[in-house]
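Remarks on the structure that follows.
Please treat every number below as a calculation from the coordinates, not as lab data. Worth saying up front: this structure is predicted, and the values here are computed from it rather than measured. All Cβ positions, glycine included, derive from the backbone under ideal geometry; neighbour counts span all protein chains shown.
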Amino acid sequence: MKSLLSIFVAAALFIGSSALFTVQQGETAIVFRLGEIVQTDVEPGLHFKTPFINSVKTFDSRLQTLDAEPERYLTKEKKNLIIDSFVKWRIVDAKKFYTSTNGDIRIANMRLAQIIKDSLRAEFGNRTVQEAISRDRSTIVKDITVSTQKDVASFGIELADVRVKRVDLPQDVSESVYRRMEAERTRVAKELRSEGAEAAERIRADADRQKVVTLSDAFRKAETIRGQGDASAAEIYAKAYNKDKEFYAFYQSLNAYQEAFKDKSDVVLVDPKSDFFKYFNAQK
């Protein structure tokens, strides 16, 4: 009797637990009755179902990220660009999501990736490289979001965000662009060096001219001052001579002796009775 009661209690507990299911926060669920969908988008919380008749499948309703590998796309000028992008999306209709992708996130990402690739190909194909790189990035993202919303709606999902992370040139094109940029920078550097050399020559020539003018002015002023000094000296000598002619003659003779016999090895052949030895003879 006790064993039958235990079996009955265990069966009741099993059936009771089978009649309850929980949907976690950030999830949505679909309830099936013998494989047929009878309730969709079940909100988070504790819910009841008929044991052995109903089954439940839950899905993550939080934001999902599709970060695809960088792809090569042609621009309007038939130039290749490497585009690296990502997409944020979420499930908004669990029934459509289940019927279109069998509830598999990987299948949803594969289909969404193809849609985004087609949209990127169309958007970049209508723009030049300059437009794609410089100023149309936000417009491209907006147009892709608008154009793909209808396609992805059939999967029961919505796009929360589409972003282009990076737009690069292919490696071979990048090297070619780099070489052109290097050549352009080299040309500009040569022009700047040439202009600098020309400016240096002008500055140097102007400095040389100013040097010549300055030296000329200085020489002229020096000669003027020297002339004025010589005139003043001559005037002073003249005044001194007029005051005491004999002393002046004696003084001038001493200066002449000093210059003539500056070096001990100097030899002068002069008549002793000449005026040069006037004051020597006078002291005898």
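Could you check the simple spin-label distance between Ile133 and Asn255, using points 7 Å along Cα→Cβ, in nm with one decimal?
With each label placed 7 Å out from Cα toward Cβ, I get 8.6 nm.
Under a plain spin-label model, where a point goes 7 Å from the Cα along Cα-to-Cβ, how far apart in nm are Phe48 and Glu69?
5.2 nm
Exceeding 21 Å between C-alpha atoms, which entries from my cross-link table qualify? They are Lys117/Lys165; Lys117/Lys142; Lys96/Lys150; Lys95/Lys165; Lys57/Lys150; Lys76/Lys142.
Lys95/Lys165; Lys57/Lys150
Residue separation times 0.36 nm, minus the C-alpha to C-alpha distance between Asp206 and Ala233: what's the value?
5.8 nm
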